[in-house]
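Working notes for the structure below.
What follows draws every value from the coordinates through simple rules; no lab data is involved. Bear in mind that the values here come from a model prediction, so they are computed numbers and not experimental data. All Cβ positions, even for glycine, are placed from backbone atoms using ideal geometry, and neighbour counts span all protein chains on display.
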Amino acid sequence: MKAAVLHGKESILIEEIEDRALAAGEVRLSIGAALTCGTDLKVYRRGYHARMIVPPSVFGHELAGTIIETGSEVRMWRKGDRVVVANSAPCDRCFFCGQGQQNLCDDLLFLNGAYAERIVVPKRIVAKNMVPLHASTQFEDAALTEPLACVVQGAEDLQLVRGERVLVIGSGPIGLMFAALAREAGCLVTMAGRGEERLAVAARLGVWRTIDVAGGEAIEGVYDVVFEAVGKPETWGQAIKSVRKGGRVNLFGGCPAGTSISLDTGMMHYSSLTLLASFHHTPTSIRKALTLIENGVLRAADFVDGRCALSELPGLFQRMAQGNRMVKTLVDVRR
């Protein structure tokens, strides 16, 4: 089969990969939809991810598809089942899993290989984080489940309250998804970001006000809740400056390794601020995310603004690294 293989920093090749035999508890999927992701772009630029992927390795992690083969010991699934698969599963044995913090599991098992015709899903993910789709659910909608589950986790950590004024910093897919969830929760949402097209998507998702920082508009005012979805020290700092006394900030965007910010300790103390930093997802947030998708709260049409053949993927990632402003691209793994 054809698959995208990450070989190192800004190096992806489309290669012929042999299908291996299934081990006990595994399933093989024919991939129905795969989507590009900001995390994959970070990995592409860096050439690796210490926890998620070590090259050379098949690449990509947002997918949905159809089971075409099951290994021994698989009892709950059969050929033809349509499913969405998360990119990880917790061990459910470590301290953090025991505390209900499965996103922090000491032994998260990660899955890559969405940019391919087929993928083998490991036994643990089959058991814990593979979820059936309704007959009417489109694969490209379902492929949004993993990133949306991370955003669901962040929204639940913030405990949004109807009527709150929410600032979202960052107009990429994560910021847009959070804006949609905050709007669904009855909040008044402002988004600060870059790109006329992305800010137009925000408006369609029900954002009350947009701020074009690329056009020189300043982020002003104070908000009950601030969600940072850029991942830069300067925007972390801006997020903290933009929240009211007693407010809550989720520093969601992961900053480059080795970076830091300075905090005004007086402001932190006397303003009684709550700072959060949500990471990843849990089996529960995966299922909540899919429910939101299948209930029509979010659809791929809200985020997917480009299509690409698998054979064109190396060039797509080159353009993304150079500043391509697409929100998400659907990868046609058959071409």
Can you list residues whose amide H is under 5 Å from VAL168's amide H, if they're 5+ apart or on another chain and H is modeled 1.01 Å from N? THR190, MET191, ALA192, PHE227
Positive dipole terminus of the chain, leading residue within GLY216, PHE59, ALA203 (C-beta point charges): ALA203
Full-stretch length increase - LEU13, ARG51 - with 0.36 nm per residue and alpha-carbon distance subtracted: 11.5 nm
Sites matching trypsin sites (Lys or Arg not before Pro) across segment 99-207 that sit in DSSP coil, with at most 13 neighbouring C-beta atoms within 10 Å: ARG162
Among the Cα-Cα pairs of segment 97-159, the proportion with separation greater than 20 Å, in percent, is 40
Size of charge dipole - segment 151-276 - debye, nearest 20, with Cβ of Lys, Arg +1 and Asp, Glu -1, no other charges: 180
Neighbour count of at most 12 Cβ within 10 Å plus DSSP loop: longest GluC sites (Glu not before Pro)-free window in the chain: 74-216
Between CYS94 and SER272, what's the calculated FRET efficiency when r is the beta-carbon distance and R0 is 41 Å? Round to 0.05. 0.80
Helix-only [θ] at 222 nm, the chain, -39500 (n - 2.57) per DSSP H run of 4+, per residue, nearest 500, equals -8000 deg cm²/dmol
In whole Hz, the Karplus estimates of ³J(HN,Hα) for segment 21-33 (6.51, -1.76, 1.60; θ = phi - 60°; x where Gly or Pro) are 5, 7, 8, 4, x, 8, 9, 10, 10, 8, 6, x, 7
Neighbouring Cβ atoms within 10 Å as the yardstick, rank TRP236, TRP208 fewest first. TRP208, TRP236
Give a residue-ordered list of calculated ³J(HN,Hα) values for segment 319-330 (Karplus: 6.51 cos²θ - 1.76 cosθ + 1.60, θ = phi - 60°; whole Hz; x for Gly, Pro). 5, 4, 5, 8, x, 3, 9, 4, 7, 9, 10, 8
Volume per residue (Å³) of the convex hull spanned by the alpha carbons of segment 1-102 is 134
Tail beyond 16 Å, pair distance distribution of segment 36-155 (Cα, percent): 65
Show me, bin by bin at 10 Å from 0, the whole-percent P(r) of segment 151-276 based on Cα pairs. 14, 49, 32, 5
How big is the equivalent ellipsoid of the chain along its three axes, where each semi-axis is √(5λ) from the Cα gyration tensor, reported in whole Å from largest to smallest? 34, 22, 19
Once phi is turned into ³J(HN,Hα) by the Karplus curve 6.51 cos²θ - 1.76 cosθ + 1.60 with θ = phi - 60°, what whole-Hz value does each residue of segment 170-181 show in order, with x for glycine and proline? x, 10, x, x, 5, x, 5, 5, 5, 4, 5, 5
